[in-house]
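Asks: The structure is given below, and queries will be raised subsequently.
The numbers here are math on the coordinates, done by the rules we state, and not lab data. Computed from a prediction, not measured in an experiment: that's the story for all the values here. Every residue, glycine among them, receives a Cβ derived from its backbone with ideal geometry; neighbour counts consider all protein chains shown.
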Amino acid sequence: MKDLPAYKQWFTALKARIKQSQIKAAISVNTEMIMLYWDLGRQIVDKQQNAKWGSGFIEQLSKDLKEEFPNISGFSRSNLFAMKKFYLFHNQNDTKVQQLVGQFENKLLLHPNEIFQQTVGQIPHNIRFCSLIPWSHNILIIEKAKNYDEAFFYIQETIVNNWSRSVLEYQIESNLYKRQGKSVNNFALTLPKAESDLAQQLLKDPYNFEFLTIEKQVKEAELEKQLVAHITQFLLELGKGFAYLGRQFPIKVGTKEYRTDLLFYHIHLRAYIIIELKTKEFEPEFIGKLGFYITAINELIKTPHDNPTIGILLCKEKDNYEVEFTLRDVNKPIGVSAYTYKELPEEIKKALPDMDALKNELNKLENEE
């Protein structure tokens with residue numbers, strides 16, 4: 001390295017910065033660490049661009065930091081490159097980024113000073129939000145996100161839902177960013193604006209039921225049974241706030257008893273949510289039946305403290321225009337989405353016994369007894 005005195009002077013200042021960070025880390029370990037990593041990434045970029053320190057600079061820095069701070073992990077060559085990448089990715093001071101941050105601050109209903117008690121230099125608000133999630137989450141997001149909108153979406157959702165890294169990875173792999181808030185619905189016409197906006201964001205299209213492995217010609221009862229059997233994954237796919245109340249929930253109207261497929265209560269919407277499952281393409285008559293169930297829950301189950309019941313219809317396929325046309329004059333809040341699932345592999349289906357043959361074998365055994 002040509003400019004060795006300048007490097008030594010800078011490295012001395014950097015050591016003081018890290019020691020200061022160690023003290024503050026006792027109060028807020030992750031927040032201070034992420035802000036340190038952003039600042040170190042900023043300085044690495046600055047030194048390489050302005051001081052003309054070559055490619056060997058990061059290797060030397062890693063070696064010196066590990067020798068100076070042997071009890072601190074995170075100063076490997078690869079992690080220093082990750083800090084540089086983190087800084088460059090988030091160093092977008094355009095209006096769009098500021099708008100995204102402002103919208104999220106409003107969503108949290110908190111002033112930034114209430115969220116961040118300490119400020120380290122001129123740390124942008126988007127980095128402060130990054131500091132609310134672990135470093136491994138941040139790296140996963142910037143590696144997988146295709147643009148800044150998508151990255152900040154996953155940062156927000158991780159903060160709000162407290163996702164583990166594995167759950168975050170699942171949500172990214174299932175392309176939640178493209179599916180979230182997508183459905184054909186009439187919420188804007190049937191719900192107050194605040195409830196309509198929240199309900200709209202709850203729905204996805206399509207829903208990802210690939211944690212199920214079922215036959216192509218699955219019956220609705222079997223699909224329903226499988227979703228309940230995998231209720232943990234199902235609730236994860238539905239999103240935060242859904243409380244499962246039951247399958248085939250009974251409703252008595254007059255002398256007849258009817259049963260909804262799946263009934264939930266959403267704690268943020270303070271409303272019952274009916275989910276009806278169809279294993280075929282959308283048909284307009286499905287809406288009439290779901291509307292009937294919504295009326296029944298509103299009249300027989302809902303209390304004055306609950307908001308209007310919402311219906312979600314999940315179909316194997318749908319034509320969006322047909323759904324929009326059907327919902328045009330419907331006065332009950334209903335959303336319609338498709339879903340995907342894995343089909344049972346052909347070799348496994350062939351290995352399964354035929355049901356009629358199995359019944360015959362059982363009859364033979366009974367007769368022999």
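Asks: Using alpha carbon centroids, what distance separates the stretch 204-257 and the stretch 174-196, in Å?
Replies: Centre-to-centre distance over Cα atoms comes out at 20 Å.
Asks: If amide H atoms are built 1.01 Å from N in the plane of the peptide, which residues on other chains or at least 5 residues away come under 5 Å of the amide H of Thr260?
Replies: Residues meeting the amide H criterion: Phe249, Ile251.
Asks: Okay, next question. Run the numbers for Lys8 and Phe81: contour at 0.36 nm per residue of separation, minus the present Cα-Cα distance, in nm.
Replies: Values: separation 73, 0.36 × 73 = 26.28 nm, distance 2.04 nm.
Stretched fully, the Lys8-Phe81 segment lengthens by 24.2 nm.
Asks: If Lys and Arg each add +1 and Asp and Glu each add -1, what is the summed charge of the other residues whose beta carbon sits under 9 Å from the beta carbon of Arg179?
Replies: On the way: positive: Lys178, Lys182, Lys204; negative: Asp205.
Net of charged neighbours comes to +2.
Asks: OK, next. Estimate the FRET efficiency between Leu189 and Asp149 by the formula 1/(1 + (r/R0)^6), using the beta-carbon distance for r and 35 Å for R0, to the nearest 0.05.
Replies: Efficiency at R0 = 35 Å is approximately 0.80.
Asks: Which pairs, out of Lys193/Lys318; Lys182/Lys332; Lys52/Lys85; Lys204/Lys316; Lys146/Lys182, put more than 21 Å between their alpha-carbon atoms?
Replies: Lys193/Lys318
Asks: By counting other Cβ atoms within 10 Å of each Cβ, how are Ile139, Ile312 ranked from fewest to most?
Replies: If I rank by nearby Cβ atoms, fewest first, I get Ile139, Ile312.
Asks: From the backbone phi of the stretch 298-305, what are the Karplus-calculated ³J(HN,Hα) couplings (6.51 cos²θ - 1.76 cosθ + 1.60, θ = phi - 60°) in whole Hz, Gly and Pro given as x?
Replies: Couplings: 4, 7, 10, 10, 4, 9, x, 7 Hz.
Asks: Still on this structure: Neighbour counts of other C-beta atoms within 10 Å: give me His125, His268, His137 arranged from fewest to most.
Replies: Least to most surrounded, the residues fall as His268, His125, His137.
Asks: I've got another one for you. Within a 10 angstrom radius of the beta carbon, how do Val167, Val29 rank from fewest other beta carbons to most?
Replies: Val29, Val167
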